[in-house]
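Each value in this text was obtained by applying a stated rule to the coordinates, not by laboratory testing. If you're wondering where the values come from, they're calculated on a predicted model, not measured in any experiment. In this analysis, Cβ positions are derived from the backbone assuming ideal geometry, glycine residues included, and neighbour counts consider all displayed protein chains.
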Amino acid sequence: MTRNLKSALFSAVLVLAVAYPILGLKLDIVGINLVVVGASTTTVLVIFAAAFLMFLRVLFNEQISAMWRSRPQKPLMSDKTSNFLTLPSTQRWFLGALVIAALVWPFFGSRGAVDIATLILIYVMLGLGLNIVVGLAGLLDLGYVGFYAVGAYTYALLQHYFGFGFWICLPLAGLASATFGFLLGFPVLRLRGDYLAIVTLGFGEIIRLFLRNLTDITGGPNGISNIEKPTLFGLSFERKAAEGMQTFHEYFGLPYNSINKVIFLYLIALLLALLALFVINRLLRMPIGRAWEALREDEIACRALGLNPTIIKLSAFTLGAAFAGFAGSFFAARQGLITPESFTFLESAIILAIVVLGGMGSQLGVILAAVVMILLPELLREFSEYRMLGFGALMVLMMIWRPQGFLPMQRPVMKLKGER
Amino acid sequence: MSRPLLQASGLCMRFGGLLAVNGVGLTVHEKQVVSMIGPNGAGKTTVFNCLTGFYKPSSGTILLDGEPIQGLAGHEIARKGVVRTFQNVRLFKEMTAVENLLVAQHRHLNTNFLSGLFKTPAYRKSEREAMEYAEHWLEAVDLKEFANRPAGTLAYGQQRRLEIARCMMTRPRILMLDEPAAGLNPKETEDLKALIGVLRNEHNATVLLIEHDMKLVMSISDHIVVINQGTPLADGTPEQIRDNPEVIKAYLGEA
């Protein structure tokens, strides 16, 4: 008991020692002098209360953990629900409903909501692309945002210098990103796990810094502005069309409404995301998709069966990067302005978090996680200071309660011919 | 006797100062079962690794049907038809049994990106045939009812059989089994013996085997190669090996 008391006292003092200087003291400016003032009495009381609670917690540590253990263990959701939610047929129906809803609602939604939905769709695309590399091929890529940047800058530069339109640049951006994915795949072929993560992290940063320092071409930290928005078969959605062009509302004889542009962008994003979904869904069931998963499971066995690990890895990197390129060029078109600061490591981390939260390899999971990860910070704007804290807490809680992600991938059931 | 399918001679493998394999040679004829035996640490698996391209042998030649294959990468040798299993089973554990078998057929499938994307008739046909072939072999190794179970959840003996079936998916010319009976109970070992018999008699498979279970080795081998401390010790039919005093000494120690 004395030992418990001792460590309890120590913990309480530690809480005080850490919390009081950080939360209990404040710097204030009086005239031109900086003075230290104590925080309000309530804050100090809260600190002491926290210290006291800590004291009790450590003092009765054994009793509390015994109580915790004796409580019946109940998982977050029962196996049955979990199984039902991850069944491919359930997911297909759910996805179908989601697509129909996504097609209809923007015509009734508010401008801001449609805008956020567009952003979510960009992240869905990125998440699906990264899912190939991380979820399927098992290659932890922390520099994925680099390919996103390549895609965005490909469109921005081609538009800025050569006046190319969005629809020509979209495939070009995908191609450029895929090329980068392919080239950056080479040096990391021999790496796995942590080492791979660190090198790809470096690549992501190198691409960003490169774009930032190539001031003559990319405009450096100022980025590139006035990037053209996509057109509908040559019809612009601006109020006034550029020379030789026609606007959407004039052509259809509608009054000008800026929401048309937002909805149009949303629909393009939806189209791209659906395309990505379709392609990746097919890839999963194709020999190459199975080879990616086999590579994740056991590289040596792959080699023993005559699968070339080099080609499998490079194809995962290349295809994953291509989707980031599409997303990037759309991002540039939507923003109208891109700077290297849009492509920091934090973006990579968010995309990775989407993949992990959703459940590695799972498509619907990624969509759901993208919604959660983008929508929550938008809804909780007042608490934006605590955003990172929230992400961290969410990750930790997920790892404890549902380490496989929201909706983990379920193995496809193959019908055998001789089966009833 | 048919012509030699796999012929290795003067095989050496050096790791720094350690000569793990020294001048080992072996010949495997078509439709033969050849066993490699020797005490633990004799270098049997190292020989396997050299033959299958996981190590590059320091010296020596390996001929597959007269064509030199030493120094090629592992997947290239595998594509030429030299396919192996592993001492500790290496299945794709999260994938189902049937998926394991489909992955192994990668080389024989329609891997064209666009035809898979649009599910062209040619692609569908190739996938269907792969399924049928996988099904056929699942039946042969008695795992059909477990087709959609993740491979990692199968019992150990079943995993061993699945690994052999997976090798057969690649249409190998020579099947190399690294201690297939390790960790199996007597009944499972009997089943394995029967399976190897089926492979040889019905599927015309050529098998090179590393094994410690002498009963198994003696009953199914056409030819046995004995290795001790990296050097070849004896070479002959099971009867010759059984009576060879050198072999008895290496296994049991000097009297």
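For peptide B:90-99, how many partner chain Cβ atoms fall within 10 Å of a residue's Cβ, on average?
Average per residue, whole number: 6.
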| request: Could you state the angle between the C-alpha long axis of helix A:2-19 and the longest principal axis of the C-alpha atoms of chain A, as a value from 0 to 90 degrees rounded to the nearest 10? | output: 50 degrees
| Helix-derived mean residue ellipticity, 222 nm - over chain A, DSSP H n ≥ 4, -39500 (n - 2.57), to 500 | -21500 deg cm²/dmol
| task | Taking H placed 1.01 Å from N in the peptide plane, check which residues at least 5 places from B:A234 or on another chain put their amide H under 5 Å from its amide H. | result | B:V226
| remark: The long-range amide H neighbours of A:Q246, using H built 1.01 Å from N in the peptide plane and a cut-off of under 5 Å, are A:S236
| query | Using alpha-carbon positions, what is the distance between the centroids of the range B:13-58 and the range A:175-236, in Å? | reply | 47 Å
| For the range A:248-264 versus the range A:299-322, the gap between their alpha-carbon centres in whole angstrom | 47 Å
| message | Can you compute the modelled spin-label distance between A:A101 and A:R71, with each label point 7 Å from Cα toward Cβ, in nm? | response | 3.1 nm
| query | Which whole-number percent is the relative contact order of the range A:142-219 (Cα, under 8 Å, 6+ apart)? | reply | 46 percent
| request: Compare the peptides B:37-48, A:252-263 by average per-residue count of other Cβ atoms within 10 angstrom and give them in order, highest first. | output: B:37-48, A:252-263
| task | Between the alpha-carbon centers of the range B:196-236 and the range A:61-135, tell me the distance in whole angstrom. | result | 54 Å
| Under 5 Å between amide H atoms, partner at least 5 residues away or on a different chain: which partners does B:M176 have, H built in plane at 1.01 Å? | B:V83, B:R84, B:T85, B:L208
| task | Give the Cα extents of the range B:89-171 along the principal axes, in whole Å, largest first. | result | 39, 22, 20
| query | Using a Gaussian network for chain A with springs between C-alpha atoms less than 10 Å apart, which of these wobbles most: A:L121, A:L272, A:L235? | reply | A:L235
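Beyond 36 Å, how much of the Cα-Cα pair distribution for the protein assembly as shown remains, as a whole percent?
Numbers: 126013 of 227475 pairs.
Everything past 36 Å amounts to 55 percent.
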| For the range B:240-250, Karplus couplings with θ = phi - 60° (6.51, -1.76, 1.60), whole Hz, Gly/Pro x | 4, 5, 4, 9, 6, x, 4, 5, 4, 5, 5
| said: Rounded to the nearest 20 debye, what is the charge dipole size of chain A about its Cα centre when +1 sits on each Lys and Arg Cβ and -1 on each Asp and Glu Cβ? | reply: 1360 debye
| note | Magnitude of the Cβ-charge dipole (Lys and Arg +1, Asp and Glu -1) of the range B:101-164 about the Cα centre, nearest 20 debye, reported as 220 debye
| query | Quick one: Karplus J couplings for the range B:11-17, per residue in order, coefficients 6.51, -1.76, 1.60, θ = phi - 60°, nearest Hz, x for Gly and Pro? | reply | 6, 10, 9, 10, 10, x, x
| note | Counting other chain Cβ atoms within 10 Å of each Cβ in B:77-84 and taking the mean gives 3
| field | Taking N as its residue count, the alpha carbon Rg of the range A:2-70 over 2.2 N^0.38 Å | value | 1.52
| query | How many nm is it between the label spots at A:A393 and B:F15, if each spot is 7 Å from the Cα in line with the beta carbon? | reply | 5.1 nm
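Taking each residue of A:405-415 in turn, how many C-beta atoms of other protein chains fall within 10 Å of its C-beta, and what is the average?
For peptide A:405-415, the averaged partner shielding equals 3.
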| message | Restricting to DSSP H runs of at least four residues, report the calculated mean residue ellipticity at 222 nm for chain B, -39500 (n - 2.57) per run over all residues, nearest 500 deg cm²/dmol. | response | -11500 deg cm²/dmol
| query | What does the highest-first list of B:178-187, B:27-36 look like by mean Cβ count within 10 Å? | reply | B:27-36, B:178-187
| field | In order through the range B:53-58: 3J(HN,Hα) via Karplus (6.51 cos²θ - 1.76 cosθ + 1.60), integer Hz, x for Gly, Pro | value | x, 6, 10, 8, x, 5
